[in-house]
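Engineer: Okay, here's the structure, questions in a sec.
The values are calculated or read from the model by the stated rules, or taken from the named source; none is laboratory data. Quantities reported herein were computed from a predicted structural model and do not represent experimental measurements. Positions of Cβ are backbone-derived with ideal geometry, glycine not excepted, and every protein chain shown enters the neighbour counts. Each accessible area value is taken on the protein alone, full model and side chains, heavy atoms only, with ligands, DNA and RNA left out. Shrake-Rupley method; radii C 1.70, N 1.55, O 1.52, S 1.80 Å.
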Amino acid sequence: MTTEVRVPTLGESVTEATVATWFKKPGDAVAVDEMLCELETDKVTVEVPSPVAGVLADIVAKEGDTVGVDALLANVAPAGEAGAEAVEERPSAKAAEAPAAAGGEEVKVMVPTLGESVSEATVATWFKKVGDSVAADEMLCELETDKVSVEVPAPAAGTLTAILAEEGATVQAGGQLAVPGGAGAAAAPA
């Protein structure tokens with residue numbers, strides 16, 4: 001079974017985008033949070049990261065296609081595995097193993113690319129608190145810029161172990177927001 005890559009929330013009044021560029025092609029290996037494609041709207045350019053490590057199985061929305069919010073863009077399959085069993089286990093104890101194979105030690109919740117001329121955002125709202133369980137792609141927080149609001153999804157299932165940027169904090173594009181742990185990880189004291 002594969003992991004779906006979907007169009008993120010693009011902003012309050014933005015309902016669709018155009019697929020501008022694919023950085024990967026089917027069969028390419030991808031790491032967690034590695035940029036897969038770039039979407040363009042009339043207000044902002046958004047890069048879409050891979051939610052998991054694995055292999056880009058297929059591209060559903062080609063360059064030039066117009067896509068709505070939450071539309072399916074592509075599918076990422078587990079590296080070296082074609083069966084559905086691996087995906088069922090990944091969100092739990094194996095969630096930390098995939099980033100380790102890509103050279104990282106833990107899954108991190110990062111500030112996404114906010115657009116060509118936007119380098120920072122304000123953390124508007126956290127939908128989860130330290131110790132809460134989260135599902136892969138479940139919205140963790142919302143960031144606001146002068147141009148757009150962006151919801152940040154969990155890169156993997158597990159428990160939110162640390163929030164590094166509280167509500168009201170200004171964060172830089174590419175900065176770390178939080179640390180999720182595997183489903184069995186102990187939560188940091190709140």
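Engineer: Picking from THR159, THR170, which residue would you name as being open to solvent by 40 Å² or more (accessible area, probe 1.4 Å), at pLDDT 85 or above and among the polar types (S, T, N, Q)?
Structural biologist: Answer to the selection: THR170.
Engineer: Oh, and also: Got a sec? Which of ALA17, ALA31, ALA71, ALA53 is within 24 Å of LEU143 (Cα to Cα), touching a helix residue (DSSP H, G or I) at 6+ places or on another chain (Cβ under 8 Å) and either of a type outside the set (Gly, Ala, Ser) or open to solvent by less than 40 Å² (accessible area, probe 1.4 Å) (or both)? Write out each step before concluding.
Structural biologist: Numbers: ALA17 fails: touching a helix residue (DSSP H, G or I) at 6+ places or on another chain (Cβ under 8 Å); ALA71 fails: touching a helix residue (DSSP H, G or I) at 6+ places or on another chain (Cβ under 8 Å); ALA53 fails: within 24 Å of LEU143 (Cα to Cα).
Checking each option against the conditions leaves just ALA31.
Engineer: Next question. Examine segment 138-151 for a residue that is at pLDDT below 85, assigned to a loop (DSSP other than H, G, I, E, B), among the hydrophobic types (A, V, I, L, M, F, W, C) and farther than 28 Å from VAL171 by Cα, and state whether such a residue exists.
Structural biologist: Looking through segment 138-151, none of the residues is at pLDDT below 85, assigned to a loop (DSSP other than H, G, I, E, B), among the hydrophobic types (A, V, I, L, M, F, W, C) and farther than 28 Å from VAL171 by Cα.
Engineer: Quick check on my filter: what residues within segment 130-144 are open to solvent by 40 Å² or more (accessible area, probe 1.4 Å) and over 16 Å from ALA156 (Cα atoms)?
Structural biologist: Matches in segment 130-144: GLU142, GLU144.
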